[in-house]
Amino acid sequence: MTNAARLRRYYRLHARIYDHTRWAFLFGRHGLPSALPHDLRPRRVLEVGCGTGAVLAGLARAFPQARLEGLDLSEEMLQVAQRRLAPLGDRVRLRQHRFGDPDPAQAPPDLVVFSYALSMFGPEASAAIRHAASLLPSQGCVAVVDFHDTPVPWFARWMEVNHVRMQAHLLPELRRSFHPTTDRVHRAYLGLWRWLTWVGRPAPQAVRNRCTWDSSSRAADSSSVLAERNA
Ligand SMILES: C[S@@+](CC[C@H](N)C(=O)[O-])C[C@H]1O[C@@H](n2cnc3c(N)ncnc32)[C@H](O)[C@@H]1O
């Protein structure tokens with residue numbers, strides 16, 4: 001079974017309890033807009049792995065002029081997001097889509113947000129970061145909040161059971177593809193794990209390489225756009 005198929009199955013069950021449980025360990029999500037450059041006025045915001053839409057709701061408040069788009073693998077998570085974001089009308093578009101798959105419907109964003117999504121991408125996290133850089137204009141911005149690492153082996157194994165990789169693997173690729181404006185690592189629960197807040201502008205090389213995704217490694221798990229919703 002592919003990583004995407006495993007995640008879809010996982011969130012089929014977890015979508016119902018997601019918002020009631022994740023507040024206790026997905027730290028930093030709601031503070032993400034305040035970590036962005038003060039002069040940033042995005043017109044199009046893309047959240048990759050938007051889940052139940054809590055982060056998109058905060059971004060909509062922070063950037064009232066922006067149109068927002070959320071992509072996610074999981075239909076069940078998107079259903080929750082759709083209910084939450086319905087009051088925003090056609091300012092928000094939600095789509096079931098695997099990030100990096102061919103996507104003619106993708107409008108070019110000027111802010112790409114990953115909130116606790118990249119740590120679930122498995123070995124494709126680096127390609128996803130490079131792909132985000134290739135979508136952005138030179139004055140665009142990427143914002144990431146996610147798990148970083150843990151010194152506790154049993155905890156790392158438990159998180160892997162939950163499809164989360166915590167091996168300090170995100171920062172090196174973020175630093176290669178973007179120039180940071182915010183680069184912070186925080187401790188959770190006395191150091192049981194660390195999580196990061198990371199904001200950056202595309203590095204010039206990343207802007208030049210418009211197509212950096214290795215499509216051959218993804219062909220076996222290619223999913224077309226299954227649903228498009230105007231919430
Ligand atoms: C931990 S949840 C985070 C949800 C939301 N961003 C938040 O902060 O509450 C991770 C989400 O990323 C989605 N996801 C993981 N890999 C993805 C991919 N390759 N393309 C699109 N969505 C993905 C999952 O389906 C899941 O809903």
Under 8 Å for C-alpha pairs, at least 6 residues apart: give me the relative contact order for the chain, rounded to a whole percent. 23
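Let me have the relative contact order for segment 20-111, percent, based on Cα pairs under 8 Å that are six or more residues apart.
Details: 124 pairs, mean separation 28.0, N = 92.
About 30 percent, as a whole number.
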Restricting attention to segment 1-43, which trypsin sites (Lys or Arg not before Pro) occupy a DSSP loop and are surrounded by at most 15 other Cβ atoms within 10 Å? Arg16, Arg43
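Assuming 0.36 nm per residue, please report the length gained on full extension of the stretch His38 to Thr181 beyond their Cα-Cα distance. Please list the in-between numbers first.
Numbers: separation 143, 0.36 × 143 = 51.48 nm, distance 1.07 nm.
50.4 nm is the gain from fully extending His38 to Thr181.
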For the chain, just the Cα atoms, rotate onto the principal axes and tell me the three extents in Å, largest first. 43, 38, 37
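Bear in mind that the values in this text are calculations on the coordinates, not laboratory data. Only a predicted model underlies this, so the values are computations on that prediction, with no experimental measurement involved. Here Cβ is always computed from backbone atoms with ideal geometry, including for glycine, and neighbour counts include all displayed protein chains.
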